[in-house]
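J.: Got a structure for you, written out below as structure tokens; questions coming shortly.
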Amino acid sequence: MRPRSFYVPFALACFLAGLTAGALAQDEEFLAAIDPSPTGDGHLGLLESGATVQLRFPVPRPLPPQYWLELGNVVAYTGRGTSYRLFLRRDAGDGPVIYEGPVVANGDQWNASNAQPLDIARSLRAEDADRGYMDVYVSAVVEGDGWTVYRHNPGRPIGVRVPTPESVEAARQAQMAAERGIAVIPWPQKITVAAGEIKLTARARIVLPARATAAARFAAADLAEQIAETCGLRLVIREGVSAARGDIRLGYDKSVRGGEEGYRLVVDGQGARILAGGEAGLFYAAQTLAQLVTRQGTVPHVTIEDWPAYPLRGLQYDVARGQTVNVEWWKRVIRALARYKLNAIMIYGEDDYRFRAYPFLGREGTFTPEKAAELSAYARAYHLQLIPQFEALGHAAAVLGHEELKHLREAGDPWVFCT
């Protein structure tokens, strides 16, 4: 059994957090301001301190959880004043104040502050959605200057950003998952959480299609090993048999979104079912299922549809500066990256490869053709590509310092290859 714990470097942890945050980031749509908001070219001219400008923004139904005003068109007139402050009221020029901005002493800084989206969702009312819009009256208290508003046009729009209904539902499902203790890295593109869970038992099997491929068998074996590490159950793997209640069934469906790397995972009272677009998708689905298994051997009822947001998802690792290349350690790195559905690792090196044609290159203990071939084959089984990066534009002294390669130096400088 492989050691379960593995130190994840800080850079990798940040990268994985970024993947998760990217998956959770809400998709938005921009709703342009509508009449009687000022439209056309140019600005409204000099507006005195305390003047108001009416803007009308669409309000969708149901009321959105976020309602981000885009007010970058509200700017200082000359920028040479000594004090600027933004006020927003709703319904009328003397209506209730819904926002009081900070006092800013610099016109450019006030402009930059106004360019930041402003969420006023708490100021929305049901009647706004009923009539389809909300009136916002913009005002500024200014000393030593005036202010103005650039009219709404395609090149300089005024409007509001709201989350799409799909992203609102995704956020709701993510909250439900968090409340159930469901954690998957990276977060799936779509997840629906249902009540209940299945309990894996010693009778449960991992069922593969008849005449399963080597890649499918590898995915099933890896899943079985992770389940054993998590809850102590060693599930058997069967091919070409009918799945029974409580089994884990692996299969293919070319229609799933995401192509070869996409998959659909359903866990319900019947067991767990995976349909993948290809071998990589099958492996990634198995990784997701492995993360869902608890130490008690339970798996929550969920429906997951997932596919990669980026075709190349990788990490760069620097093996230069005296590091040795331990094959078993690198295999642990490959397994760790594959668990989180990364599919590439770029290995940066300087004098870190023993070329057969140049036996004087390469430090003791670094990469050799044999090590590279072994690790590349190992990585392919985990649907991960090793990408060598050999420094060429600089930092080349470790290579060009050899007399045999002095003809490749740039003007005699061993740090740079000649061009």
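J.: Angle between the Cα long axis of helix 214-231 and the longest principal axis of the chain, 0 to 90 degrees, nearest 10?
T.: Long axis of 214-231 versus the principal axis of the chain: about 80 degrees.
J.: May I pose another question? Can you pull the Rg over Rh of the range 278-419, Cα-only, Kirkwood?
T.: Using Cα coordinates only, the ratio equals 1.13.
J.: Quick check: the angle from helix 10-24's long axis to the longest principal axis of the chain, C-alpha only, nearest 10 degrees?
T.: Tilt of helix 10-24: around 60 degrees.
J.: Contact order normalised by length for the range 228-308, with contacts defined as Cα pairs under 8 Å and 6 or more residues apart; what percent is it?
T.: Worked out over the range 228-308, it gives 33 percent.
J.: Let me ask another. Using only the Cα atoms, work out Rg/Rh for the range 373-419, with Rh taken as the Kirkwood radius, to two decimals.
T.: Computed over Cα atoms, the ratio is 1.26.
J.: Where Rh denotes the Kirkwood radius from the mean inverse Cα pair distance, what is Rg over Rh for the range 155-209?
T.: Result for the range 155-209 is an Rg/Rh of 1.23.
J.: Based on DSSP H runs of at least 4 residues, each adding -39500 (n - 2.57), what is the mean residue ellipticity at 222 nm of the chain after dividing by all its residues, to the nearest 500 deg cm²/dmol?
T.: Calculated from helices alone, the mean residue ellipticity at 222 nm is -8000 deg cm²/dmol.
J.: Loop-only check: which trypsin sites (Lys or Arg not before Pro) in the range 220-254 are DSSP coil with at most 14 other Cβ within 10 angstrom?
T.: Arg234, Arg245, Lys254
J.: May I pose another question? Mind jotting down the distance between the C-alpha centroids of the range 150-223 and the range 279-324, whole Å?
T.: If we compute the Cα centre of each part, the gap is 12 Å.
J.: Can you spot the lysines whose alpha carbon is less than 30 Å from Lys331's alpha carbon? Ignore those fewer than 8 places along the same chain.
T.: Output for Lys331: Lys341, Lys371.
J.: Now for a separate question. Consider the candidate values (i) 1.22; (ii) 1.07; (iii) 1.35; state which one is Cα Rg over 2.2 N^0.38 Å computed from the structure displayed.
T.: (iii)
J.: Okay, next question. Nearest 10 degrees is fine. How inclined is helix 165-179 to the longest principal axis of the chain, computing both from alpha carbons?
T.: So the helix axis and the longest Cα principal axis differ by about 60 degrees.
J.: In whole Å, what are the Cα extents of the range 229-286 along the three principal axes, biggest one first?
T.: The Cα atoms of the range 229-286 stretch 32, 25, 22 Å along the principal axes, largest first.
J.: Where the Cα atoms of the range 288-327 are projected onto their three principal axes, how long is each span, largest first, in whole Å?
T.: Result, largest extent first: 49, 29, 13 Å.
J.: Give me the percent relative contact order of the range 261-419, please, defined on Cα pairs under 8 angstrom at least 6 residues apart.
T.: Relative contact order of the range 261-419: 17 percent.
J.: Continuing with this model, one more query. Using a Cα-Cα cut-off of under 18 Å, which aspartates and glutamates could be cross-linked to Lys254, ignoring same-chain neighbours fewer than 8 residues away?
T.: The reachable aspartates and glutamates, counting only those whose Cα sits under 18 Å from Lys254, are Glu279, Glu305, Asp306.
J.: Further, regarding this structure: Within the set of other residues whose C-beta is less than 11 Å from the C-beta of Val299, count the net charge using Lys and Arg as +1 and Asp and Glu as -1.
T.: -1
J.: Here is a further query. Binning at 5 angstrom from zero up to the longest distance, how are the C-alpha pair distances of the range 52-175 distributed in percent?
T.: 2, 11, 20, 21, 18, 13, 8, 5, 2, 1, 0
Any read-out appearing in this document is the output of simple, stated calculations on the displayed coordinates, not a laboratory observation. Bear in mind that the values here come from a model prediction, so they are computed numbers and not experimental data. Every residue, glycine as well, gets a Cβ built from its backbone with ideal geometry; the counts of neighbours run over all protein chains shown.
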